[in-house]
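Encoded as structure tokens, the structure appears first; notes follow it.
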Amino acid sequence: MPNPFFNKKIITVDTIKKDDLSILFKKADEMKNLVKEKGGDDRLKGKIMAALFYEPSSRTMGSFVSAMQRLGGGFIPISGMANTSVSKGETLEDTGKVYSSYVDVIVMRHAEPGSVAQLAKAALVPVINAGDGINEHPTQALLDAYTIKQELGHLDNLRIVFWGDIGHYRPVNSLAKLMTLFPTTTMTFVSPPEVKLQDSVRNYIQRKNINIRETEDIQEVISSADILYVTRVKKEYMDEDLYHKIQGKYILNLSLVKKMKAKSLIMHPLPRVGEIKEEVDSDPRAAYITKQMPNGMYIRMALLDLILKKQ
Ligand code: NCD
């Protein structure tokens, strides 16, 4: 099968097909073995990645940089706006054009929804969205889906419960949209009313005929979840009043975890700020530290290899 990722940008999960996932996951398995056996190789020698992170990042930037280096490539790391020409007033389009002559791929994070698409339109190299405001975080969804497949063995017939600040949470938007590729998925969104699912995401999911439910009460649904996807309150995207209203209002502790199915998963893209108690970390269902994080690096290695080389 031809490589569907070659030379392609990844701005949203909307363009990803079911068959693409099989190709990506097979490559991620290969990367996992490669890292375990030799740490990496130099298949991307001579290729360079720009990591333009205009918003804070620990995992996404770290795993992209590690992925590139494990495959022998180089990188230019940009953290924050302050030291860039964007702070002097340069347009994203100009930055995209300029970096296209330095690098082979651009990974970008920015607070403004649509900003990555804007730069990608002007860039002459593939651009990967590493999070654009409250919009999307496609590579997080890909690593989440890979983790679900690895841990539960399949992506069909799953009941996913998303919990917390749903309205500001790009990993939820991307994963919920991606899971519509599996028509037997059911989704429940549990959130305070102020931070409900965005209308555009709800419409997208409903257009794909996926069964969704929205509630404020986790107790109603926790025992039927195959996946409980917990989120952080996105303090940086709301005013103080709203933050104080929601922060600390939902917390996953062991007594709640005990109500979950024996074979289920607790996921979180991290960072967490109190919404999952440390006592949950050693539960066998907890996937956020020991499963999602390493998988993030394997998926990003796989993506970089597939985007940069025809195979
Ligand atoms: C998430 C993000 O930036 O969207 N983090 C991540 O990439 N792992 C979630 C968050 O900021 O809380």
### Query
Taking every eigenvalue of the Cα gyration tensor of region 128-230, multiplying by 5 and rooting it, what semi-axes result, largest first, whole Å?
18, 18, 13
### Task
May I ask for the longest run of the chain untouched by chymotrypsin sites (Phe, Trp or Tyr not before Pro) that are loop-located per DSSP and have at most 14 neighbouring C-beta atoms (other than their own) within 10 Å?
103-311
### log10 of Debye I(q)/I(0), alpha-carbon scatterers only, for region 169-209 at 0.16, 0.23, 0.28, 0.31 Å⁻¹
-0.38, -0.77, -1.09, -1.26
### Message
Can you tell me which lysines have their Cα less than 16 Å from the Cα of Lys26? Leave out same-chain residues fewer than eight positions away.
### Response
Lys17, Lys18, Lys36, Lys149, Lys309, Lys310
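Please compute the contact order of the chain in relative form: average sequence separation of alpha-carbon pairs under 8 Å and at least six residues apart, divided by the residue count, as a percent.
Details: 579 pairs, mean separation 64.1, N = 311.
Relative contact order here is 21 percent.
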### the chain, dipole about Cα centre (Lys/Arg Cβ +1, Asp/Glu Cβ -1), debye to the nearest 20
920
#### Entry: Computed [θ] at 222 nm, deg cm²/dmol, the chain (DSSP H ≥ 4; -39,500 (n - 2.57); rounded to nearest 500)
-11000 deg cm²/dmol
### Query
For region 35-111, rounded, prolate or oblate, judged on the Cα gyration tensor with a ≥ b ≥ c (square roots of eigenvalues), a/c < 1.5 rounded, else prolate if a/b > b/c?
oblate
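Would you rank Arg207, Arg300 by solvent-accessible area, highest first, keeping every protein chain in place and using a 1.4 Å probe?
Solvent-accessible surface, decreasing: Arg207, Arg300.
State the volume of the convex hull built on the alpha-carbon positions of region 1-157, expressed per residue in Å³ and rounded to an integer. Display every interim value, and only then the final one.
On the way: hull volume 19.8 nm³, N = 157.
It is 126 Å³ per residue.
Would you mind classifying region 241-311 by shape? Square roots of the alpha carbon gyration tensor eigenvalues, ordered a ≥ b ≥ c; an a/c under 1.5 is rounded, otherwise it is prolate if a/b is larger than b/c and oblate if not.
oblate
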### Message
Can you give me the C-alpha center-to-center distance between region 165-216 and region 280-311, rounded to a whole angstrom?
### Response
23
### Message
Run the simple label-point estimate for Val98 and Arg59 please: 7 Å along Cα→C-beta, distance reported in nm.
### Response
3.2
#### Entry: Cα-based Rg of region 185-311 normalised by 2.2 N^0.38 Å, two decimals
1.21
### Where a label projected 7 Å from the Cα of Thr91 along Cα→Cβ would reach, residues of region 116-141 with amide N under 18 Å
116-125
### Message
Solvent-accessible area of Lys17, probe 1.4 Å, all protein chains present, reported in Å² to the nearest ten, please.
### Response
130
### Residue order for Asp239, Asp226, Asp156 - accessible surface, 1.4 angstrom probe, largest first
Asp239, Asp156, Asp226
## Note on the structure
Over its alpha-carbon atoms, region 189-234 yields an Rg and a Dmax in Å of 11.5, 29
### Per residue accessible area of the chain, 1.4 Å probe, in Å²
43
### Dipole magnitude (debye, nearest 20) for region 180-271, charges at Cβ of Lys, Arg, Asp, Glu
440
### Message
Positive end of the dipole of region 165-311, charges at C-beta (+1 Lys, Arg; -1 Asp, Glu), about the Cα centre: which of Ala225, Tyr288, Leu303 has its Cα farthest in that direction?
### Response
Leu303
### Query
By how many degrees, 0 to 90 and rounded to 10, does the Cα axis of helix 292-308 deviate from the longest principal axis of the chain?
30
### Task
With a point put 7 Å past each Cα toward its Cβ, work out how far Ser200 is from Thr84 in nm, to one decimal.
2.0
### Summary
Rounded to the nearest 10, the angle in degrees between the Cα long axis of helix 138-152 and the longest principal axis of the Cα atoms of the chain comes to 60
### Task
Could you check how many percent of all C-alpha pairs in the chain are farther apart than 37 Å?
13
### Task
Enumerate the residues in region 276-311 having an amide nitrogen under 19 Å from the point lying 7 Å beyond the Cα of Ser22 toward its Cβ.
303, 306, 311
## Note on the structure
Here, Thr290 and Lys310, labelled 7 Å along Cα→Cβ, have an inter-label distance in nm of 4.4
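At 0.36 nm per residue, and after removing the present C-alpha to C-alpha distance, how many nm does the segment from Lys235 to Glu220 gain when stretched out fully?
Contour length minus the Cα-Cα distance gives 2.7 nm.
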### Query
Sorted by accessible area with a 1.4 angstrom probe, largest first, how do His268, His154 fall?
His154, His268
### Query
Any idea what angle helix 59-70 forms with the longest principal axis of the chain, computed on alpha-carbon atoms, 0 to 90 degrees, nearest 10?
40
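The values are calculated or read from the model by the stated rules, or taken from the named source; none is laboratory data. Since the structure is predicted, the reported quantities are computational estimates derived from the model, not experimental observations. In this analysis, Cβ positions are derived from the backbone assuming ideal geometry, glycine residues included, and neighbour counts consider all displayed protein chains. Keep in mind that these areas ignore ligands, DNA and RNA; they rest on the heavy atoms of the full protein, side chains included. Shrake-Rupley method; radii C 1.70, N 1.55, O 1.52, S 1.80 Å.
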